[in-house]
Amino acid sequence: MRIVGGLWRGRRLTPVGQGDAAAHLRPTADRVRESIFNLLLNGGHADRLDGTRVLDVFAGTGALGLEALSRGAATATFIEQGRRAQAILRANIALLDAPARVLPRDARKPGPGTPHDLLFLDPPYGKGLGEAAVAALLSAGWIAPGALVVWEEATPPALGPLTPVDQRRYGDTLVTLATAP
């Protein structure tokens, strides 16, 4: 795993192999991450990166949030409950000396927060955790009005109050872009 573009382009992140089944890690492949950022940059969403506050939920290794920082985001907040993932995430942040913080909590019970402009959401597939997290994050103030949500799932998520913008399939991963109310 490596950073695909921007300031830290080519920098390798802490290795996790093909994922850590015991820790439920399923890192977004470099190819899919590159496609997501091409979609953001070439799809008229480039302004969502420059100087923005990024929220990476079910962060795992943090590759999506770190990629956003590499490409111009101001800060990133990572919400991750798994201890193994938190250790890898903290190592990646230290490796890049990234302006980021890790919140070790359940995304469905985030507590009060500050608004973020760009949200990456990569929940365990097929468990409905993304829908519960979005509802909780919206009600707790974590998602700014009009924020862009990039949601990875195996099947189309139930967007609830979010407005769909685009959707693309990359192998087993379906990437949905939506905006917050």
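Throughout, read-outs are computed from the coordinates displayed, never taken from laboratory work. On a predicted model such as this, the values are computed, not experimentally measured, just so you know. Reconstructed Cβ throughout: ideal geometry from the backbone, glycine too, with neighbour counts over all protein chains shown.
Return the total of residues in the stretch 58-95 being in contact with a strand residue (DSSP E or B) (Cβ under 8 Å, 6 or more places away or on another chain), assigned to a helix (DSSP H, G or I) and surrounded by fewer than 24 Cβ atoms within 10 Å (Cβ to Cβ). Talk me through it step by step, then tell me what you get.
Let us first name the residues in the stretch 58-95 that are in contact with a strand residue (DSSP E or B) (Cβ under 8 Å, 6 or more places away or on another chain), namely 58-59, 62, 64-66, 68-69, 73-80, 86, 89-90, 93.
Imposing the further condition that a residue be assigned to a helix (DSSP H, G or I) reduces the set to 64-66, 68-69, 86, 89-90, 93.
Checking which are surrounded by fewer than 24 Cβ atoms within 10 Å (Cβ to Cβ) leaves us with 86, 90, 93.
Selection size over the stretch 58-95: 3.
State all residues of the stretch 35-57 that are surrounded by fewer than 23 Cβ atoms within 10 Å (Cβ to Cβ) and in a loop (DSSP other than H, G, I, E, B); if no residue qualifies, say none.
Passing the criteria: Gly43, Gly44, His45, Asp50, Gly51, Thr52.
Here is a check on your reading of the model: is Arg105 free of Cβ contacts under 8 Å to residues at least 60 places away in the same chain, farther than 16 Å from Ala68 by Cα and part of a loop (DSSP other than H, G, I, E, B)?
In short, yes.
To keep it simple, each residue is scored yes or no on (1) among the small types (Gly, Ala, Ser); (2) under 20 Å from Glu67 (Cβ atoms).
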position	(1), (2)
His116	no, yes
Leu119	no, yes
Ala132	yes, no
Leu137	no, no
Ala140	yes, no
Pro145	no, no
Trp151	no, yes
Thr155	no, no
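Evaluate the stretch 139-146: report whether one residue or more is within 18 Å of Ser35 (Cα to Cα), free of Cβ contacts under 8 Å to residues at least 12 places away in the same chain and of a type in the set (S, T, N, Q).
no
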